[in-house]
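The values are calculated or read from the model by the stated rules, or taken from the named source; none is laboratory data. Fair warning: this is a prediction, and the values are worked out from it, not measured in the lab. A quick note on method: Cβ atoms are made from the backbone with ideal geometry, for glycine too, and the neighbour counts reach across all protein chains shown. The protein model used for the area step is the full one, side chains on, heavy atoms only, and it has no ligands, DNA or RNA in it. Shrake-Rupley method; radii C 1.70, N 1.55, O 1.52, S 1.80 Å.
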Amino acid sequence: MCLDKNKNNIDVVVRVFHWLLVILFVMLFITGNGYYDDSSHILLGYLLTSLIISRITWGLIGVHNALWKNYLYAPKSVFDYLSKLIRNKPIAFKVHNPAGSMMVLIMLLMLIMISVSGLLAQGLFELDGAFYVLTQHFSDSQAFLTKSIHDDLSQLMLFAVIFHISGVVYSSKIYNINLLLMMLSGKQRSFQSRR
């Protein structure tokens with residue numbers, strides 16, 4: 001979560017990003033199955049790419065708790081946190097816990113790779129788009145590999161989303177706080193670990 005430093009609420013920019021991302025991902029997943037016109041999938045893909053660029057920018061210039069530097073934990077911190085969580089000994093945290101931060105960064109990286117491979121696929125198969133000029137020297141096998149990477153990453157992202165939702169449900173239970181409601185309303189209570 002990204003808390004507004006002054007109001008101790010989750011930052012509205014991060015909340016809008018999150019829910020627009022949810023909507024766009026669902027729509028892209030539906031339109032990417034081949035039953036719909038590719039033009040709607042491509043338009044939604046450009047919207048997703050714009051949204052990602054906006055969030056990356058906000059992570060560099062936004063409110064304190066939205067900054068990317070606050071999402072960086074050493075792998076040891078992530079493993080220590082998960083170890084305590086598994087033993088039902090969660091530790092208090094201010095914003096994202098180490099595992100949640102890692103998941104956000106992994107999913108963002110996956111979304112970037114999905115967007116780039118989608119833009120390349122548009123150039124390769126539609127002979128159009130922002131990356132068309134970059135695709136001029138791709139072989140047929142490279143073109144099909146690019147499309148395959150795009151499709152496979154999209155499927156993998158679905159599993160990452162399911163894992164993310166599971167983590168939210170588990171954390172809501174273990175910390176006795178409704179994280180879903182918090183991401184909707186922006187209202188933040190401090191996290192307290194149960195003893």
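Can you pull the one-decimal nm distance between simple spin-label points at THR57 and VAL22, each 7 Å off the Cα toward Cβ?
Rounded to a tenth, the inter-label distance reads 2.5 nm.
If you keep only loop residues by DSSP, which chymotrypsin sites (Phe, Trp or Tyr not before Pro) in segment 106-183 have at most 15 other Cβ atoms within 10 Å of their Cβ?
Passing both the DSSP loop test and the Cβ count: PHE138.
If you average the sequence gap of Cα pairs under 8 Å that are 6 or more apart and divide by the length of the chain, what percent do you get for the contact order?
In percent, rounded to a whole number, it is 24.
Rounded to the nearest 20 Debye, what is the dipole magnitude of the chain about its Cα centre when Lys and Arg each give +1 and Asp and Glu each give -1 at the C-beta?
Roughly 1720 debye for the chain.
Which percent of the accessible area of segment 83-195 is formed by carbon and sulfur heavy atoms (probe 1.4 angstrom)?
On the way: 4530 of 6880 Å².
Here carbon and sulfur together make up 66 percent of the probe-accessible area.
What is the Cα radius of gyration of the chain over 2.2 N^0.38 Å, N being its residue count?
On the way: Rg = 18.7 Å, N = 195, 2.2 N^0.38 = 16.3 Å.
Computed over Cα atoms of the chain, the ratio equals 1.15.
Please compute the length gained on full extension between LEU82 and LEU67, using 0.36 nm multiplied by the number of residues separating them and subtracting their Cα-Cα distance.
Values: separation 15, 0.36 × 15 = 5.40 nm, distance 2.30 nm.
Full extension of this stretch gives 3.1 nm more.
Any idea of the accessible area per residue across segment 129-190, 1.4 Å probe, to the nearest Å²?
Details: 4120 Å² over 62 residues.
Per residue, segment 129-190 has 66 Å² of solvent-accessible surface.
Count neighbours as other Cβ atoms within 10 Å of each site's Cβ, and list the chymotrypsin sites (Phe, Trp or Tyr not before Pro) in segment 11-86 that are DSSP loop with at most 13 such neighbours.
Sites meeting the loop and neighbour criteria: TYR35, TYR36.
Protein chains only, probe 1.4 Å: how do VAL104, VAL14, VAL169 rank by accessible area, largest first?
From most accessible down to least: VAL169, VAL104, VAL14.
How many angstrom separate the Cα center of segment 101-116 from the Cα center of segment 149-182?
Between the Cα centre of segment 101-116 and that of segment 149-182, the gap is 13 Å.
Using 0.36 nm times the number of residues separating ASP152 and SER40, minus their current alpha carbon distance, what extension gain do you get?
On the way: separation 112, 0.36 × 112 = 40.32 nm, distance 1.99 nm.
Answer, rounded to one decimal: 38.3 nm.
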